[in-house]
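The values are calculated or read from the model by the stated rules, or taken from the named source; none is laboratory data. Here the structure is a predicted model, which is why all the values come from computation and not from measurement. Ideal geometry is used to build each Cβ from the backbone, glycine not excepted, and the neighbour counts take in all protein chains shown.
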Amino acid sequence: MAATLKFDEPSELRIPMPWGHISAKAWGNPSKNPVLGLHGWMDNAGTFDRLVPNLTNSMYFVAVDLPGHGLSSHIPAGMPYHFGDYLITIRRITKYLKWSRFSIVGHSMGGALGSFFASMYPKIIDKLVLLDIIKPISQDEGVTAENMASAIEQFLSIEDKLKPDFVPSYSYQDAMQRLISATDESLTEDAAKCLMTRGTIRVDEEKWSFRRDLRVRSPTIYRFSHELSMNFLTNIQCHLLIVKAKSAPTFGGPEPVIAKTLGIYKAKCASFEYVEVEGNHFVHLNEPKLASEHINNFFLNVPKSVL
């Protein structure tokens, strides 16, 4: 049985950025093996609140709120959120932390970011864990003039809804139910509360508002084609573990693309393991022990990759 992390509460970090700051919570001793936790789309660092206490104490786990999420700053007005900009932010974070070599645990969008980051910087990523994600979402032909125009119009439409003098508020129970409903009922109430701690703010005695930037809901203006996405991933070299939830759909592309991507991982990664666990897309948060067993085995028994 792997040892669990032994401390009362995680510490809060505030990492300066050119537009504001990135908020994060850190578990463990900074002298241990550094691990970056990356949450899913419209979630926050609270997605790891129930998983990390079940993990080995051999790591220093830093879970961040990506820009526009949780307690982190929103990007400047008028700007859209881009997948590539998140990758730049990850590099800023790890340079600030002075991590020359580290691992990543990413859920959903966070895992997609992790797979691309590990491909971009193969010499500094040791281990990568993808929680219910296999690859970044891509499409048959990549970006077209039509879907780029559509994405721009959707962004501008969302931007028009931003009113600094009006932020919708709800009772705590209503806010929690809205969050659960937005995940197709995938979250338990206990799991939803973990996300609400950083994802909501109390505006008066009875009302709560969501903190996330509404602009994160707009579709990305540029999306990779299947071919370009797979070509990108051929640069990956780290040890890789995928923990797939049996009751969740497979994200990233059609089955032939998924199969080819798994083949790339088998051929290119220092080691590759794919496991399936009972549960839905938020299994790591709803039933953390189902995922932690495999993650602990991965971190404790897989040797460091050779540079």
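Answer yes or no as to whether residue 292 is crowded, with 20+ Cβ neighbours inside 10 Å and among the small types (Gly, Ala, Ser). In short, yes. If the condition is being of a type in the set (S, T, N, Q), part of a helix (DSSP H, G or I) and loosely packed, with under 14 Cβ neighbours inside 10 Å, then segment 166-178 contributes only 173.
Residues of segment 162-182 being over 24 Å from residue 73 (Cβ atoms) and at pLDDT below 95, which ones?
Residues satisfying the conditions do not exist here.
Of all the numbered requirements in (1) over 18 Å from residue 299 (Cα atoms); (2) at pLDDT 95 or above, residue 99 misses one, and that requirement is (1).
Taken over segment 154-212, the residue count meeting the criterion of being of a type in the set (Lys, Arg) and within 19 Å of residue 65 (Cα to Cα) is 5.
Residue-by-condition table, conditions (1) under 30 Å from residue 173 (Cβ atoms); (2) surrounded by fewer than 20 Cβ atoms within 10 Å (Cβ to Cβ); (3) touching a strand residue (DSSP E or B) at 6+ places or on another chain (Cβ under 7 Å):
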position: 207; (1), (2), (3): yes, yes, yes
position: 216; (1), (2), (3): yes, yes, no
position: 219; (1), (2), (3): no, yes, no
position: 245; (1), (2), (3): yes, no, yes
position: 261; (1), (2), (3): no, no, no
position: 287; (1), (2), (3): yes, yes, no
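Is it the case that some residue within segment 57-73 is farther than 14 Å from residue 92 by Cα, surrounded by fewer than 16 Cβ atoms within 10 Å (Cβ to Cβ) and not polar (S, T, N, Q)? Scanning segment 57-73, I find no residue that is farther than 14 Å from residue 92 by Cα, surrounded by fewer than 16 Cβ atoms within 10 Å (Cβ to Cβ) and not polar (S, T, N, Q), so the answer is no.
Conditions (1) free of Cβ contacts under 8 Å to residues at least 12 places away in the same chain; (2) not in a loop (DSSP other than H, G, I, E, B), marked per residue:
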site	(1), (2)
73	no, no
85	no, yes
95	yes, yes
98	yes, no
105	no, yes
127	no, yes
137	no, no
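May I ask you to verify whether residue 243 is in contact (Cβ under 8 Å) with a residue 12 or more places away in the chain, within 18 Å of residue 109 (Cβ to Cβ), among the aliphatic types (A, V, I, L, M) and in contact with a helix residue (DSSP H, G or I) (Cβ under 6 Å, 6 or more places away or on another chain)? Yes.
Pull up segment 206-222, narrow it to residues that are polar (S, T, N, Q) and more than 17 Å from residue 144 (Cβ to Cβ), then point me to the one that is nearest to the chain's Cα centre (by Cα).
Ranking the candidates gives 218 first.
In segment 145-165 there is no residue that is touching a strand residue (DSSP E or B) at 6+ places or on another chain (Cβ under 6 Å) and buried (at least 16 other Cβ atoms within 10 Å of the Cβ). The sole residue among 221, 201 that is among the β-branched types (Val, Ile, Thr), in contact with a Pro (Cβ under 7 Å, 6 or more places away or on another chain) and outside any helix (DSSP H, G or I) is 221.
When 132, 126 are checked against the criterion of being touching a His at 6+ places or on another chain (Cβ under 8 Å), buried (at least 17 other Cβ atoms within 10 Å of the Cβ) and at positive phi, a single residue qualifies: 132. For residue 181, the stated conditions do not hold, so it cannot be described as at negative phi, hydroxyl-bearing (Ser, Thr, Tyr), part of a helix (DSSP H, G or I) and surrounded by 13 or more Cβ atoms within 10 Å (Cβ to Cβ). Please verify whether segment 44-53 includes one or more residues that are outside any helix (DSSP H, G or I), under 13 Å from the mean Cα position of the chain (by Cα) and crowded, with 20+ Cβ neighbours inside 10 Å. Yes, that holds for at least one residue.
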